[in-house]
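Trainee: My questions all concern the structure below.
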Amino acid sequence: MKWRGGRRSSNIEDRRGQRTGGRMLGGGIGTIALVLVAWYLGIDPTPLLEGMQSGGQASSTGTRPSAEDLKNDPLADMVSVVIADTEDVWTEIFAEQGQRYEVPTLVMFTGSTHSACGTGQAAMGPFYCSADKNAYIDLSFYDQMRTRFKAPGDFAQAYVIAHEIGHHVQNLLGVSGKVHSMKRQMSTADGNALSVRLELQADCFAGVWANRANRARSILESGDVDEALNAASAIGDDTLQRQSGRAIVPESFTHGTSAQRKKWFRIGLDHGDPDRCNTFG
């Protein structure tokens, strides 16, 4: 991926190295265990975090890394360029529709951190909090992608970020709120099916970003698309359940199968049009 010549975003907050004080919202060790299991099974932890918002603590604050800081930290530097690309792409798309795009902040942390949705844990993987409109990532997750999920590569890493920003777009458009409201009136199985559609749309939005960023800056190199498709496949619900030694239970899926995730990322990538990302149709 050709990222080094790109603009760096100023909407990066660095909390790495901070210790998170206080209690884990919603039940201490039991809640930690719950979110760890959720992540391992491919279950979206965001609704859990949002459910813990009541009684929460104020978010931690970090530093805004300087250009020199980023220069000496290649992984954070790459993340900053990807965030900048998403800002440019979605600002343009929203403007085409007569709307204003509200840029999120990406928070880098180590181990755990506070958010308006509760305490985020590294073991949950990257997540988006709709309450504070921030995306969160412990960059050690990329080591997990390479070693556990066998999904290496900088474009695979960029896909993960673009997916979380896809959730931010859904939040701004009101899609996330509608989905969470509908889920409260559904059975668990039907609610899970709706979550799958939400996640697949975020995958499609990640593909839209890749298409538009490549049009603007020719970021794609040979093998990049395969990296992203491999990453999408590696975190499909069916693949994760199979790797854990469990039976495949479609009713428990919350993110979609490997084939579905690849399909919807590809749709966004091929067309660069968010209107093609109607996974609810």
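The values are calculated or read from the model by the stated rules, or taken from the named source; none is laboratory data. What you see is a predicted model; the values in this text were computed from it and never measured. Neighbour counts run over all protein chains shown; Cβ positions are idealised from the backbone, glycine included.
Trainee: How many residues does region 244-259 contain that are within 12 Å of Leu229 (Cβ to Cβ) and among the polar types (S, T, N, Q)? Don't jump to the end; show me each part of the working.
Mentor: Of region 244-259, the ones within 12 Å of Leu229 (Cβ to Cβ) are 258-259.
Subsequent filtering for residues that are among the polar types (S, T, N, Q) retains 258.
Residues in region 244-259 being within 12 Å of Leu229 (Cβ to Cβ) and among the polar types (S, T, N, Q): 1 in total.
Trainee: Just for region 84-99: of the residues that are of a type in the set (A, V, I, L, M, F, W, C) and touching a helix residue (DSSP H, G or I) at 6+ places or on another chain (Cβ under 7 Å), which one is surrounded by the fewest Cβ atoms within 10 Å (Cβ to Cβ)?
Mentor: Taking region 84-99 first, the residues of a type in the set (A, V, I, L, M, F, W, C) are 84, 89-90, 93-95.
Next cut, touching a helix residue (DSSP H, G or I) at 6+ places or on another chain (Cβ under 7 Å) only: 89-90, 93.
Details: Val89: 25, Trp90: 24, Ile93: 20.
That would be Ile93.
Trainee: Considering only residues that are of a type in the set (Val, Ile, Thr) and either at pLDDT 95 or above or assigned to a loop (DSSP other than H, G, I, E, B) (or both), look in region 107-129 and name the one that is surrounded by the fewest Cβ atoms within 10 Å (Cβ to Cβ).
Mentor: Taking region 107-129 and keeping what is of a type in the set (Val, Ile, Thr), we get 107, 110, 113, 119.
In the following step, the residues that additionally are either at pLDDT 95 or above or assigned to a loop (DSSP other than H, G, I, E, B) (or both) were identified as 107, 110, 113.
Values: Val107: 26, Thr110: 16, Thr113: 24.
The selected residue is Thr110.
Trainee: Among the residues of region 143-154, is there at least one that is under 13 Å from the mean Cα position of the chain (by Cα), surrounded by 16 or more Cβ atoms within 10 Å (Cβ to Cβ) and outside any loop (DSSP other than H, G, I, E, B)? I'd like the intermediate steps shown before the answer.
Mentor: Taking region 143-154 first, the residues under 13 Å from the mean Cα position of the chain (by Cα) are none.
So far as region 143-154 goes, no, none of its residues is under 13 Å from the mean Cα position of the chain (by Cα), surrounded by 16 or more Cβ atoms within 10 Å (Cβ to Cβ) and outside any loop (DSSP other than H, G, I, E, B).
Trainee: I've got another one for you. Is it the case that Thr91 is more than 29 Å from Gly272 (Cα to Cα) and hydroxyl-bearing (Ser, Thr, Tyr)? Spell out the reasoning first.
Mentor: Working: more than 29 Å from Gly272 (Cα to Cα): no; hydroxyl-bearing (Ser, Thr, Tyr): yes.
Taking the combined requirement at face value, the residue does not satisfy it.
Trainee: If you go through region 165-174 one residue at a time, how many are part of a helix (DSSP H, G or I) and free of Cβ contacts under 8 Å to residues at least 40 places away in the same chain? Before the answer, list the steps.
Mentor: Our first condition is that a residue be part of a helix (DSSP H, G or I); within region 165-174, this holds for 165-173.
Going one step further and asking which of them are free of Cβ contacts under 8 Å to residues at least 40 places away in the same chain, we end up with 170, 173.
The total comes to 2.
Trainee: Could you run through region 175-203 and say how many residues are assigned to a helix (DSSP H, G or I) and either in contact with a Pro (Cβ under 8 Å, 6 or more places away or on another chain) or of a type in the set (Ser, Thr, Tyr) (or both)? Break it down stepwise before answering.
Mentor: So the first thing to find is which residues in region 175-203 are assigned to a helix (DSSP H, G or I), and the list is 175-183, 188-203.
Going one step further and asking which of them are either in contact with a Pro (Cβ under 8 Å, 6 or more places away or on another chain) or of a type in the set (Ser, Thr, Tyr) (or both), we end up with 176, 180-181, 183, 188, 195.
So the count comes out to 6.
Trainee: Counting only residues that are touching a Phe, Trp or Tyr at 6+ places or on another chain (Cβ under 9 Å) and among the acidic types (Asp, Glu), how many does region 233-281 have?
Mentor: 2
Trainee: Next question. From the set of residues in region 130-142 that are touching a Phe, Trp or Tyr at 6+ places or on another chain (Cβ under 9 Å) and not in a loop (DSSP other than H, G, I, E, B), which is nearest to Glu102 (Cα to Cα)?
Mentor: Asn134
Trainee: Here are some residues: Ser59, Ser66. Which one is surrounded by fewer than 22 Cβ atoms within 10 Å (Cβ to Cβ), in contact with a His (Cβ under 9 Å, 6 or more places away or on another chain) and either over 18 Å from Tyr159 (Cα atoms) or at pLDDT 85 or above (or both)?
Mentor: On the way: Ser66 fails: in contact with a His (Cβ under 9 Å, 6 or more places away or on another chain).
Of the residues listed, the single one that is surrounded by fewer than 22 Cβ atoms within 10 Å (Cβ to Cβ), in contact with a His (Cβ under 9 Å, 6 or more places away or on another chain) and either over 18 Å from Tyr159 (Cα atoms) or at pLDDT 85 or above (or both) is Ser59.
Trainee: A further question on this structure: Just wondering, is there one or more residues in region 177-197 that are surrounded by 24 or more Cβ atoms within 10 Å (Cβ to Cβ) and either under 25 Å from Thr279 (Cα atoms) or aromatic (Phe, Trp, Tyr) (or both)?
Mentor: Quick first cut of region 177-197, residues surrounded by 24 or more Cβ atoms within 10 Å (Cβ to Cβ) only: none.
The answer is no, given that none of the residues of region 177-197 is surrounded by 24 or more Cβ atoms within 10 Å (Cβ to Cβ) and either under 25 Å from Thr279 (Cα atoms) or aromatic (Phe, Trp, Tyr) (or both).
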